Amino acid sequence: MTEIKEEDWFLPEQKYEYLDHTADMQIHSWGNTVEEAFEQCANGLFGCMTEIEYVEMAETQEIEAEGHDMLSLLFHFLDEFLSLFSAEPYFIARKVKILEFDKEQFRIKAIGFGEQFTIGKHPQRSEVKAITYSNMQVNKTDDGLTHIHVIVDI
């Protein structure tokens, strides 16, 4: 079990938005580091599913993911969190924090702060069926920010 510090429970500034897409939903996230951009993308994923302000940070769930490059790592990272939501324990996070990020071996360990999704308490938004590789991007811009674009199948 990972040691959680007091500051880990504080909410970060929102650095994601939803972009228009024909039939699905596109998440655009950004951060000062690739870790922050990944965290924000996962936060955006959960924001697709419910109004995130109704989610209490009452418990935590850890995930691990790996890939063969940065895009497959992003895919598996988001898919692990989607799996936590789609099956037992039906976990929805209000905040995601990366604990370990190996950019050479493409491995990641992260923790979600949230609770079990409960109909009636958590307003339903879109049902995310799957993460897609369609137009998936991880780019560092001239201003030093990392930008991520992911389309999720709703």
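The values are calculated or read from the model by the stated rules, or taken from the named source; none is laboratory data. The structure presented is a predicted model; accordingly, all values stated were derived computationally and were not measured. When we count neighbours, we look across all protein chains shown, and the Cβ atoms used for this are built from the backbone with ideal geometry, even at glycine. In case anyone asks, the SASA skips ligands and DNA or RNA and just uses the protein heavy atoms, side chains included. Shrake-Rupley method; radii C 1.70, N 1.55, O 1.52, S 1.80 Å.
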Next item on the list: Please identify the pairs in which a residue from the range 129-142 that is open to solvent by 50 Å² or more (accessible area, probe 1.4 Å) has its Cβ atom under 9 Å from the Cβ atom of a residue that is in a loop (DSSP other than H, G, I, E, B) and acidic (Asp, Glu), counting only partners at least 6 apart or on another chain.
Entry: Ser134/Asp24
Margin query: Could you check the range 20-55 and list, in sequence order, the residues that are open to solvent by 60 Å² or more (accessible area, probe 1.4 Å), under 16 Å from the mean Cα position of the chain (by Cα) and either among the hydrophobic types (A, V, I, L, M, F, W, C) or within 16 Å of Leu78 (Cα to Cα) (or both)?
Written below: Trp30
Check: Is it the case that Ile92 is farther than 21 Å from Asn139 by Cα and at pLDDT 95 or above?
Finding: yes
Margin query: Checking the structure you have, find out if any residue of the range 19-29 is under 27 Å from Lys140 (Cβ atoms), among the charged types (D, E, K, R) and at pLDDT 95 or above.
Written below: no
Check: Quick check: anything in the range 89-96 under 17 Å from Arg125 (Cβ atoms), open to solvent by 60 Å² or more (accessible area, probe 1.4 Å), out of contact with any His (no Cβ under 9 Å at 6 or more places or on another chain) and not charged (D, E, K, R)?
Finding: yes
Next item on the list: Output the residues belonging to the range 104-122 that are open to solvent by 40 Å² or more (accessible area, probe 1.4 Å), out of contact with any helix residue (DSSP H, G or I) (no Cβ under 6 Å at 6 or more places or on another chain) and either closer than 19 Å to Tyr54 by Cβ or of a type outside the set (Asp, Glu) (or both).
Entry: Gln105, Arg107, Lys109, Gln116, Thr118, Ile119, Gly120, Lys121
Note to self: Can you tell me which condition Glu7 does not meet? The list is (1) part of a helix (DSSP H, G or I); (2) open to solvent by less than 60 Å² (accessible area, probe 1.4 Å), and all the others hold.
What the structure shows: (2)
Checklist line | Segments classed as strands (runs of 3 or more DSSP E), wholly inside the range 93-154, with at least 2 members that are charged (D, E, K, R) | finding: 107-116
Next item on the list: Check the range 51-73 and report whether any residue there is assigned to a helix (DSSP H, G or I) and under 18 Å from Glu17 (Cα atoms).
Entry: yes
